[in-house]
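A short write-up of the structure that comes next.
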Amino acid sequence: MRLPGRIVIDPRKIKDYLLVFKRDKDKSKFLSLGGYVENNWQELLKDIYELSQNDAEYQGKSGWGENEYSIYGILPGRNNGKQLEVNLIFHSFEEESRFITLIPIGVVQ
C-alpha cells in the first residue's frame, strides 16, 4: 500500500539531524558511505522522497497515537558512493504522512 495523503519531509530532518554527527545514534557516518553529506543534503531529500513512493507497511500506532508506516528500500548513493539499505519511518496524520527517521540496515555490495 502507498503512504496515505501528501508526503511531507522536513528539510531540517535531513540537513540538521541525519547528516550531522551525533555521539549517540549517529547516522551521518552511515549516510556518508553513500556519498550523502551536509553540502549535498538536497540529494538525500530527493532520494528519500523517491523511496517514499514505494509500498509501505503498516506498523501500528506510534507512541503518540499516529499510524506508523515503514518503507524498506535502497538509497542509490551519490558521488560514487555505495548503495544503502534503509528503513524509512513515517507517521500518518489526517491528510499527510510525515517522514520521521531513517534506520540504517546495511551497505549493498
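The values are calculated or read from the model by the stated rules, or taken from the named source; none is laboratory data. Since this is a predicted model, take the numbers as computed values, not measurements. A quick note on method: Cβ atoms are made from the backbone with ideal geometry, for glycine too, and the neighbour counts reach across all protein chains shown. Ligands, DNA and RNA are excluded from the accessible area calculation, which covers all protein heavy atoms including side chains. Shrake-Rupley method; radii C 1.70, N 1.55, O 1.52, S 1.80 Å.
Using 0.36 nm per residue, how much length does the chain from F21 to N40 gain when fully extended, once their Cα-Cα distance is taken away? Spell out each step's value before the answer.
Numbers: separation 19, 0.36 × 19 = 6.84 nm, distance 1.52 nm.
Separation in residues times 0.36 nm, less the Cα-Cα distance, equals 5.3 nm.
My understanding is that a pair violates if its Cα-Cα distance is over 22 Å; which of K29/K61; K27/K61; K29/K82 do that in this structure?
Cα-Cα > 22 Å for K29/K61; K27/K61; rest within.
How tilted is helix 41-51 with respect to the longest principal axis of the chain? Cα atoms for both, answer in degrees (0 to 90, nearest 10).
Result, in degrees: 50.
Select from the stretch 53-109 those GluC sites (Glu not before Pro) which occupy a DSSP coil region and have at most 12 other Cβ atoms within 10 Å, ordered by residue number.
Details: sites: E57, E66, E68, E85, E94, E95, E96; in loops: E66, E94, E95.
Those satisfying the criteria are E94, E95.
Quote the FRET efficiency, to the nearest 0.05, computed for V107 versus S62 with a Förster distance R0 of 35 Å and r equal to the Cβ-Cβ distance.
Efficiency, rounded to the nearest 0.05: 0.80.
Taking DSSP loops as anything outside H, G, I, E and B, show the longest stretch in the chain free of chymotrypsin sites (Phe, Trp or Tyr not before Pro) there with at most 15 other beta carbons within 10 Å.
Answer from the scan: 22-63.
Starting from the residue with the highest accessible area, list K22, K29 in decreasing order, probe 1.4 Å.
Ranking K22, K29 by accessible area, largest first, yields K29, K22.
Mind grabbing the accessible area of D24 for me, 1.4 Å probe, Å², rounded to tens?
110
Whole number in Å², please: accessible area per residue of the chain, 1.4 Å probe, ligands, DNA and RNA not counted.
Counting only protein heavy atoms, the per-residue value for the chain is 60 Å².
What does DSSP give for the chain in terms of the percent of beta bridges that are antiparallel, rounded to the nearest 5?
If I count the DSSP bridges inside the chain, around 90 percent turn out antiparallel.
Can you sort R78, R98, R12, R23 by 1.4 Å-probe accessible area, starting with the largest?
Reading off the accessible areas and sorting them downward yields R23, R12, R98, R78.
What relative contact order, as a whole-number percentage, does the chain give when Cα pairs under 8 Å and 6 or more residues apart are counted?
Reported as a whole number, the value is 29 percent.
When all protein chains stay in place, what accessible area (Å², nearest 10, 1.4 Å probe) is found for L33?
90
So, taking all protein chains as they sit and a 1.4 Å probe, how much accessible area belongs to I89, in Å² rounded to tens?
Rounded to the nearest 10, that gives 20 Å².
On the accessible surface of the chain, probed at 1.4 Å, how many percent belong to carbon and sulfur atoms? Each step should come with its number before you reach the end.
Working: 3160 of 6570 Å².
So the carbon and sulfur contribution to the accessible surface is 48 percent.
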